[in-house]
Amino acid sequence: MKQSLLAEPRSAASVLRLQFHDCFVNGCDGSLLLDDTPTMAGEKLALANINSLRSFEVIDKIKAELEQSCPGVVSCADIVIMAARDAVSLTGGPRWEVKLGRLDGLTASRADSDAIMPSPRANATTLIDLFAKLKLSVKDLVALSGSHSIGRARLYDDQTVARQQDAAIEPQFREELMRLCPVNGYQNVTGGLDSTPVVFDNLYFKDLVVGKGVLNSDQTLYTSPETKAYVEEFSRDEEAFFQAFAEGMIKLGDLQSGQPGEVRRNCRVVNGSPAAAMNNYQN
């Protein structure tokens, strides 16, 4: 992870995001890492993931080194969990002990990902309901949303032009959005998810309090009564945020499907498949 951060600072946020998008869909089983096959539509091209998830090659490199040292021992699912933890700690956030022993899933489901993963335009009620189905609390929701302390987003994906009329947005920030995202502007423009997008801190929550949430699903955490108190608490107390985030990540990492699994030799394909012998990874 240190090498990846030196080469590409955005990789920390990208790897952290992999844990969320893997664990939310049928548990933490590395299914997100599987490439499509003629008989399986995987999760990489799901609506929430296509042109969005990055840094699969980071997991590939970690897996390749582990396979040289201890073949067949460490699952890809566990690698995602450990790499996400390290991405946070290496950018200034907390560090926590992770549980190990997960197995890699034998299949992936684009349909399940499309049905489960929330939109950047989701409101707090939708997010609370989703987290509740996964036995994660409202506090977990707000704390884990703090993963947006690092990283950038494609702003047009969040219909930022429309949000420029949102009364909750701070006026000067609205002007910044208008400059970045004019109507019919360049669709691939990106912006930091908070004021310090390469440092894991509580600036994300401070930004929400003053109306500078980039994504609607973020700003709604402050405008909704169910979540507002936690946003205010974490904006005042970074240590409380760090503790709640670590606790939430451990609970997120506990999500399991209960389905059979294996320790994949190649994170992109199941063992025994025609592609399993491939040694040169392509992203």
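The values are calculated or read from the model by the stated rules, or taken from the named source; none is laboratory data. Predicted model only: the values in this text are computed from it and were never measured. No Cβ is skipped: glycine too gets one built from the backbone with ideal geometry, and neighbour counts run over all protein chains shown. Ligands, DNA and RNA are excluded from the accessible area calculation, which covers all protein heavy atoms including side chains. Shrake-Rupley method; radii C 1.70, N 1.55, O 1.52, S 1.80 Å.
Here residue 120 meets each of (1) touching a Ser or Thr at 6+ places or on another chain (Cβ under 8 Å); (2) farther than 21 Å from residue 50 by Cα; (3) buried (at least 16 other Cβ atoms within 10 Å of the Cβ) with one exception, condition (2). Take the conditions touching a Pro at 6+ places or on another chain (Cβ under 6 Å), assigned to a helix (DSSP H, G or I), crowded, with 20+ Cβ neighbours inside 10 Å and in contact (Cβ under 8 Å) with a residue 40 or more places away in the chain and apply them to residue 234. Does it pass? Considered against the rule, which asks whether it is touching a Pro at 6+ places or on another chain (Cβ under 6 Å), assigned to a helix (DSSP H, G or I), crowded, with 20+ Cβ neighbours inside 10 Å and in contact (Cβ under 8 Å) with a residue 40 or more places away in the chain, residue 234 comes out as no. Could we say that residue 255 is part of a helix (DSSP H, G or I) and under 24 Å from residue 93 (Cβ atoms) here? Considered against the rule, which asks whether it is part of a helix (DSSP H, G or I) and under 24 Å from residue 93 (Cβ atoms), residue 255 comes out as no.
Based on what the data block shows, is residue 102 surrounded by 20 or more Cβ atoms within 10 Å (Cβ to Cβ) and not in a loop (DSSP other than H, G, I, E, B)? Against the criterion (surrounded by 20 or more Cβ atoms within 10 Å (Cβ to Cβ) and not in a loop (DSSP other than H, G, I, E, B)), residue 102 does not qualify.
Filtered by the rule that a residue be under 14 Å from residue 112 (Cβ atoms) and surrounded by 18 or more Cβ atoms within 10 Å (Cβ to Cβ), the stretch 29-53 gives 29, 31, 32, 34, 42, 43, 44, 46, 48, 49. Residue by residue through the stretch 34-49, note down the ones that are in contact (Cβ under 8 Å) with a residue 40 or more places away in the chain and polar (S, T, N, Q). Selection gives 37, 49.
Determine whether residue 26 is of a type outside the set (A, V, I, L, M), farther than 26 Å from residue 201 by Cβ, open to solvent by less than 10 Å² (accessible area, probe 1.4 Å) and part of a loop (DSSP other than H, G, I, E, B). Against the criterion (of a type outside the set (A, V, I, L, M), farther than 26 Å from residue 201 by Cβ, open to solvent by less than 10 Å² (accessible area, probe 1.4 Å) and part of a loop (DSSP other than H, G, I, E, B)), residue 26 does not qualify. Taken over the stretch 218-231, residues that are of a type in the set (A, V, I, L, M, F, W, C) and either touching a helix residue (DSSP H, G or I) at 6+ places or on another chain (Cβ under 7 Å) or in contact (Cβ under 8 Å) with a residue 40 or more places away in the chain (or both) amount to 2. The set of residues in the stretch 58-98 that are under 16 Å from the mean Cα position of the chain (by Cα) and of a type in the set (Asp, Glu) comprises 78, 86. Listed by position, the helices (runs of 4 or more DSSP H) enclosed by the stretch 130-194 include none that has at least 3 residues that are surrounded by fewer than 21 Cβ atoms within 10 Å (Cβ to Cβ), touching a Cys at 6+ places or on another chain (Cβ under 8 Å) and modelled with pLDDT under 75.
The set of residues from the stretch 54-77 being touching a residue at least 24 places away in the same chain (Cβ under 8 Å), of a type in the set (D, E, K, R) and either open to solvent by 30 Å² or more (accessible area, probe 1.4 Å) or over 10 Å from residue 33 (Cα atoms) (or both) comprises 54, 57, 61, 63, 67.
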